[in-house]
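In what follows, a structure is listed as C-alpha cells, so that the remarks can point back to it.
A short reminder: the numbers here are calculations on the coordinates, not readings from a lab. Predicted, not measured: the structure shown is a model, and the values here were computed from it. We place every Cβ from the backbone using ideal geometry, glycine too, and count neighbours over all the protein chains shown.
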Amino acid sequence: MGAGTRLRKVMAEEGLVEAMAAHSPLSAMLAAEAGFDAIWASGFELSAMYGVPDVSVVSMTQHLDMTRAIVDRSGLPVVADIDTGFGNAINVLYAVEQYERAGVGAIVMEDKSFPKVTSLIAGGRQDMVRIEEFQGKIEAARSARRDPDLVVVARTEALIAGLGQDEALKRARAYEAAGADLILVHSKQKTPDEIEAFIKAWDGKVPIALVPTAYPQMTVARVRELKKVGLLIWGNHAIRAAVGAMRKTFAQIRKDGGIHGVEGSISTVDEVFDLQGMGTVKDNEKRFLR
Ligand code: SPV
Ligand code: MG
C-alpha cells in the first residue's frame, strides 16, 4: 500500500492523522516508536538543524534528501513540507514528482511567495501569491502525482498575514475548487479562538489540517470535537526538545568539568546502539563473516 493510501486509510478509520515533526531519520524513528501516525518533514526543523532561518535558505535538494532518509528509516507515512513549492507552478511539477518518488504520502504547499519567511516570527514579512496563481500550483501538484492517493494539502497563510477570516475562507474555498485534498489553515494567535472560528465557518467538503504550535491548548481531544480536522501536525517539538536537552547537558558538563554528572540523565550508549540496529549487525556477522 502506498504512503498516501496509508494516510487516507488512517484518516478514514481513525478520523484523524496525528503527525510529529522530524528533522532527521533518528527523530522520525523516535516519533514512530512513540506511536504517532505520520511524520511531518518540517522545513522549520530542518532549517534549524542546519542552524539557518526558515526563509527558503535550505534548498529543495537538501530537504528532499533528508525527507527520503526519513521515509526510509521511519516506516511511517511522511507528510512533506514543501513550503511554496520552491518557485512557481513549473517548479511545483518537478518538486512533486521528486517527493513522490522519495516515497512521501502527502505534500503541504503554502500560498506565500518565494522566498518565504517563517510563519510564527513576530512582525514577519508574509507576502502571499494571488489566489489564481496558487490554484495553478495546486493543479500542477495534482497533475504531477502518479498515485492519485498522494495527498495534496493546500496551506493558506491568510490568518498569519493578518488578512482575516473572510480572506482565509475565500482562499480555502478556491483551493478546494482547484482540487486540494485538505486545507491547512495556520494561525499564530495564542489561543485556539481564531482557528475554531474558521473551522466553524468552514463550509467545504475537504478536511482541515492544523499546526497548533502557537495555541497549545488545542489537544487531540479538542481537535476531535471540532469534527472537521483530518490532520494534526505537532510542528516543531522534535527540534525544540533536542535543543533543550543538548543545552542542559552541555552546560552541566562545563559546570562539572567532566561527564560524570550527566550519565544518569542522558540516553545510554546501548540505547543508541539499539536505534542503530547493532543487534542485527552482530547476528549478521555470525551468519556471514567467515
Ligand atoms: C514547519 O514546521 O516548517 C512549518 C510549521 O511549516 S511553522 O513553522 O509553524 O510554519
Ligand atoms: Mg514549514
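For region 1-128, just say rounded, prolate or oblate: build the C-alpha gyration tensor, square-root its eigenvalues into a ≥ b ≥ c, call rounded for a/c under 1.5, and beyond that prolate if a/b exceeds b/c, oblate if not. Since a/c reaches 1.5 and a/b is larger than b/c, the shape of region 1-128 is classed as prolate. Once both labels are modelled 7 Å past Cα along the beta-carbon direction, what's the Leu275-Phe288 spacing in nm? So the label points at Leu275 and Phe288 sit 2.4 nm apart. Taking every DSSP helix (H) stretch of at least 4 residues in the chain, weighting each as -39,500 (n - 2.57) and dividing the sum by the residue count yields a mean residue ellipticity at 222 nm of -15000 deg cm²/dmol. Protection proxy ranking of 47-58, 156-167, by the mean of other Cβ atoms within 10 Å over each peptide's residues and highest first, is 156-167, 47-58.
Ordering 28-37, 173-182, 252-261, 74-83 by mean Cβ neighbour count within 10 Å, with the highest value first, yields 74-83, 173-182, 28-37, 252-261. When the Cα gyration tensor is reduced to axis lengths a ≥ b ≥ c, the ratio a/c is 1.5 or higher for the chain, and with a/b above b/c it is classed as prolate. For region 40-79 and region 190-238, what is the separation of their Cα centres, given in Å? Using only Cα atoms to place each centre, the spacing works out to 23 Å.
Summarising the label geometry, the points placed 7 Å from Cα in the beta-carbon direction at Lys248 and Lys227 lie 4.2 nm from one another. Descending by average beta-carbon neighbour count within 10 Å, the peptides 133-142, 196-205 line up as 133-142, 196-205, the highest first.
Annotation: amide H-H contacts under 5 Å for Val151 (H modelled 1.01 Å from N, sequence separation of 5 or more, or interchain): Ala106, Ile107.
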